[in-house]
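Visitor: Below you'll find the structure I mean.
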Amino acid sequence: MQESPKNYQVWYHRRFLVDAIDGGAEAAATELKFTKAILALDSKNYHAWSHRQWVVKRFNAWDGELSFVEGGQSLQWGQPACLCLTRPPLQRC
């Protein structure tokens, strides 16, 4: 992943492994932390944003996500729109 962070096959394989292990809240926290680190290197990494959206939906890890995406770097990738469309109770849409 470190050598090819924009390789979609690597991201799908990671998603497969995370889903198979099903580590619950701990897995969600690990994946959110990991995607945050990848996005710090390149905020335009579509595959990292896509994986992050999947993690949030898969593990119902919505808490704090709106404040993360409002941090600025994700607007061009539609992350806030994804949050608004998939989790209506969020406040600012």
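Visitor: Could you give me the ³J(HN,Hα) list for the stretch 42-57, computed from phi with Karplus coefficients 6.51, -1.76, 1.60 and θ = phi - 60°, whole Hz, x at Gly and Pro?
Guide: 8, 5, 9, 6, 4, 5, 5, 5, 4, 5, 4, 4, 4, 4, 4, 5
Visitor: Taking a 1.4 Å probe, which of Glu70, Glu26, Glu3, Glu31 shows the most accessible area, and what order do the others take after it? Let's see the in-between values first.
Guide: Numbers: Glu70 85, Glu26 140, Glu3 175, Glu31 10 Å².
Most to least solvent-accessible, the answer reads Glu3, Glu26, Glu70, Glu31.
The values are calculated or read from the model by the stated rules, or taken from the named source; none is laboratory data. Computed from a predicted structure; not experimentally measured. Ligands, DNA and RNA are stripped out before the accessible areas are found, and what is left, the full protein with its side chains, is counted by its heavy atoms. Shrake-Rupley method; radii C 1.70, N 1.55, O 1.52, S 1.80 Å.
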